[in-house]
1. State which stretch of chain B is the longest one without any exposed trypsin sites (Lys or Arg not before Pro), exposure meaning a DSSP loop state and at most 16 other Cβ atoms within 10 Å.
2. Working out 0.36 nm times the residue gap between B:TRP157 and B:ALA126, then minus their Cα-Cα distance, what length gain in nm do you get to one decimal?
3. In square nanometres, what is one fourth of the surface area of the convex hull spanned by the alpha carbons of the range B:29-181?
4. Could you grab the Rg to Rh ratio for the range B:125-206? Cα atoms only, Kirkwood for Rh.
5. Quick one: compute the contact order of the range B:87-162, relative version, from alpha carbon pairs under 8 angstrom and 6+ residues apart, as a percent.
6. Angle check, please: helix B:96-126 long axis (alpha carbons) against the longest principal axis of chain B (alpha carbons), in degrees 0 to 90, nearest 10.
7. Using only helices, what value at 222 nm comes out for chain B when you add -39,500 (n - 2.57) per DSSP H run of length 4 or more and divide by the total residues, to the nearest 500 deg cm²/dmol?
8. Relative contact order, percent, of chain B when contacts are C-alpha pairs under 8 Å separated by at least 6 residues?
Amino acid sequence: MRAQSEHDSHAAHGSAHSGSLKDYLTGFVLAVVLTAIPFWFVMGKSFSSSTTTAAVILGFAAVQMVVHMVYFLHMNTKSEGGWTLLALLFTVMLVVIALSGSLWVMYHLDHNMMPASMHGMHDMRNMP
Amino acid sequence: MSDPSASSVAEPHFYSTHEHHPENGTLLGFWLYLMSDCLIFACLFAVYAVLGRSYAGGPAGAELFDLSTVAVNTSLLLLSSITYGFAMLQMQRGRLRPTLVWLGITGCLGAGFIFFELREFAHLIADGAGPQRSAFLSSFFTLVGTHGLHVTFGIVWLVTLMVQLGKHGLIAENQRRLTCLSMFWHFLDVVWIGVFSFVYLMGVLS
């Protein structure tokens, strides 16, 4: 049984990065829907709050990225013995750290520096 | 050491022969390259996220971006993804001519994408909203331009592979190369999802 599954993974190795017609069509339909909805939201101004719209856009983008990964890039836990998934997870971790870290640090920098320096200038102007 | 039979038996093994080794490491290696490329784009996205509101008194995204052009570009890239998928399916069946046709369609869609993107850049620069206008526009041109450059090189690669296919047919080497390019092409589509969501759609909001 084990030998059989190992043999299968070897045999499927060449086609690990290729899906069936059904995969591609499913992925395409999902991608079109997931692209059209945020465009429709923004162009039709569906939400009054831009924060809500931004959150919805990012949510749809995240789902669509997963759809592309699964149906077009054929990501799964088996391909290349799981190494592609491991590399992807590591990269996603680095991306999250880089993005959230940059935003966090720069937000606090703006928050702490800008008003404070303005304050400082006001204070200096009011100084005798 | 004097016994010749002992030395042949005790042949040292410096690697495990039972471990799973992929017969072809190219696809895994290419995937790792894509992940490193992903980090480049992550840095550019982070730069845009930080500088995207620094207009320096210049125009904001809401005044500059034309969503209908972005919608056209998005559909071109999305369509090119599925046509490349069709090319891969034809390749697996060993049919050279349909493979070439689908690859050609993919290349045309990619070229259309580049055409609309360059037209948009030309409009922006003509309106005085070039990369030197503000930090927002510098980061915008860097991020979107880097993606466009990737697509351009993808098209160069695609044409090269079409020539090689015409010369040598669907040999194993060409199949491997086509698989690498398919990963590259779909990866660029994934990056574009981030670009149109984060840069264009969210840029138009405020």
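None of the figures in this text is laboratory data; all of them are computed from the coordinates on show. Source: prediction; values computed, not measured. Counting neighbours? That spans all protein chains shown, and the Cβs are built from the backbone with ideal geometry, glycine included.
1. By the stated rule (loop sites, at most 16 other Cβ atoms within 10 Å), B:96-206.
2. Working: separation 31, 0.36 × 31 = 11.16 nm, distance 3.11 nm.
Gain in length upon complete extension: 8.1 nm.
3. Values: hull surface 38.6 nm².
Reported value for the Cα convex hull: 9.7 nm².
4. Working: Rg = 17.4 Å, Rh = 14.9 Å.
Here the Rg-to-Rh quotient is 1.16.
5. Working: 38 pairs, mean separation 23.5, N = 76.
Once normalised by length, the contact order is 31 percent.
6. Rounded to the nearest ten degrees, it is 40.
7. Working: 8 runs with 154 residues, N = 206.
The per-residue figure over chain B is -25500 deg cm²/dmol.
8. Details: 165 pairs, mean separation 63.1, N = 206.
Averaging sequence separation for qualifying contacts and normalising by length gives 31 percent for chain B.
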